[in-house]
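To start, the structure itself, in structure tokens.
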Amino acid sequence: MSGSVTASLKQLWHKLGSPRWFYQITRNWVRGFGVMAAVLLLVGCIWGLAFAPPDYQQGNSFRIMYVHVPAAMVSQSLYLGMGVAGFIGLVWRMKLADVAIAATLPLGISLTALALFSGSVWGRPTWGSWWEWDGRTVSTLVMLFLYLGIYALREAIAEADLRARAAALVSLVGTVNIPVIKYSVEWWNTLHQPASFTLTEKPAMPAEMWLPLLVMVLGFYCFAGHNVLSRMRLEILRREANTRWVAELFAAKSVPASITKES
Amino acid sequence: MNPKRKQRLFMTSFVLVATALTVSLVFMALEQNMNMFYPPADVAQGKVPLNQTVRAGGMVLEGSVERASDSLAVIFTLTDHQGADFVVTYTGILPDLFREGQGILVEGELNRAGVFEAVEVLAKHDENYMPPELMDMPGAAPATASTEALPGLGERE
């Protein structure tokens, strides 16, 4: 049985080499993720902001958590995804890997910035300071600069192969920062509190508080899926604009051929 | 896997491992400096340089907070509940979460008398959240408030 699983995985691996196959298979995923994100984020926001009870110490300001935690989690996951794509891109020279890195950057930058901003707004009333140079905040700031650096690098290099390799290398090397962010609060004395919400342990709060957080986290992940996949599909179309399958795709939708030829 | 790809796999993995190794060596070398503050034991044992701007942290000792009646001056004791403590003086507005039993970071200078003259006071809260109703239930509140004396405060390997 394991043989057939390996065989189908191998097949999937080879198919991933084809941007066309990826474009076609993800057609419905984009909409699925989008609908789920809209529902989850709406429910999570209303639940978390209006119905979850306030905290005994922090009162209502703890509700910033419902934006801060998902933004931080998803921005780190996206970076990890970029690191994996970088590895695949460097070793197997898969075109889709560079497409994935390019498509992840804008959302990664936005969510990291959102996590830092919401953390700052949260820090003011609770810690008594907008910004403190502790392990968690600094390593997250490093992640923001890595994202921005890779973005700038890709903009700066005109030659496509070189651009892909450079971005992949920096993405991969920067992955070292992810465990630093995660374990900073355990390795060192930091002002930032340890995680309240992990995959492996019981949340450090009652269900009426963590359930809306779970909904928000899932909502952010669905939104990320929607956003990154849409960007990947767009990037594939842009890169494959001169191929026959894209021409046929647009001909079938009776779009004037001039649009595809322009690029 | 063809030889060329195998070589790339090897080189790429090498880059990743080397980077991880470099970073962890840097962190090991910096060990003490990566910590954001000195725990009460270090202050009590005189490990903290005098008359230099440093950070220290601890829990506010119950019953130790004295406020001046005519100014914002306040005196309190920070402790690790394990025998080590030190006195802090501060003039200014305290964070909302400042209270007895709360984990607090102070930034300032330790003077010759062993009193910490703080210029900034920061509140450190833990990862536990709770609705206020649960605080009134006997047994519920102290479980999170005091048994696990704020991880990261007072302990240091």
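The values are calculated or read from the model by the stated rules, or taken from the named source; none is laboratory data. Bear in mind the structure is a predicted one, so any value in this text is a computation, not a measurement. Positions of Cβ are backbone-derived with ideal geometry, glycine not excepted, and every protein chain shown enters the neighbour counts. Heads up: the accessible areas ignore ligands, DNA and RNA and are worked out on the full protein's heavy atoms, side chains in. Shrake-Rupley method; radii C 1.70, N 1.55, O 1.52, S 1.80 Å.
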I need two numbers for segment B:40-145: Rg to one decimal and Dmax as a whole number, Cα atoms only, in Å. 14.8, 46
Quick check: with the 1.4 Å probe, what order do A:LEU40, B:LEU25 take by accessible area, largest first? B:LEU25, A:LEU40
When the scattering of segment A:152-252 is computed by the Debye formula from its Cα atoms alone, each counted once and equally, what is log10 I(q)/I(0) at q = 0.19, 0.21 Å⁻¹? -1.12, -1.20
From the protein chains alone at 1.4 Å, what is the descending order of accessible area for B:THR91, B:THR12, A:THR243, largest first? B:THR91, A:THR243, B:THR12
Order of exposure, largest accessible area first, which applies to A:CYS222, A:CYS45 with probe 1.4 Å: A:CYS45, A:CYS222
Here the averaged projected area of segment B:1-86, based on the convex hull of its alpha-carbon atoms and given in nm², is 10.3
For residues of A:183-196, the mean tally of beta carbons on other chains within 10 Å: 6
Could you give the length gained on full extension between A:VAL43 and A:TRP187, defined as 0.36 nm per residue of separation minus the Cα-Cα distance, in nm? 48.3 nm
In degrees, nearest 10, the alpha-carbon axis of helix A:207-239 is tilted away from the dominant principal axis of the alpha carbons of chain A by 20
For segment A:64-138 and segment B:45-104, compute the distance between their C-alpha centroids and round to whole Å. 35
Sequence neighbours fewer than 8 away in the same chain don't count; with that in mind, list the aspartates and glutamates whose C-alpha is under 12 Å from B:LYS6. none
List the pairs from A:LYS95/B:LYS4; A:LYS15/B:LYS4; A:LYS10/A:LYS95; A:LYS182/B:LYS47; A:LYS182/B:LYS124; A:LYS10/A:LYS182 whose alpha-carbon separation is above 25 Å, in the order I gave them. A:LYS182/B:LYS47; A:LYS10/A:LYS182
Sum -39500 (n - 2.57) across every DSSP H segment of at least 4 residues in chain A, then divide by the residue count to get the 222 nm mean residue ellipticity, nearest 500. -25500 deg cm²/dmol
Cα-based convex hull, chain A, per residue volume (Å³, whole number): 170
Of the accessible area of chain A, with the probe set at 1.4 angstrom, what percent is carbon plus sulfur? 67
Project the alpha carbons of segment A:5-132 onto their principal axes and report the range along each, largest first, in whole Å. 55, 32, 26
Between chains A and B, what is the buried accessible area in Å², counting both sides, with a 1.4 Å probe and ligands, DNA and RNA left out, to the nearest 100? 3800
Short version: which residues of segment A:126-159 lose at least 40 Å² of accessible area, all chains versus chain alone, 1.4 Å probe? A:THR126, A:TRP127, A:GLU132
Based on the mean of other beta carbon atoms within 10 Å per residue, what is the order of A:107-113, B:16-22, most packed first? A:107-113, B:16-22
What is the angle, in °, between the Cα long axis of helix A:95-126 and the longest principal axis of the Cα atoms in chain A? Nearest 10 is fine, range 0 to 90. 20
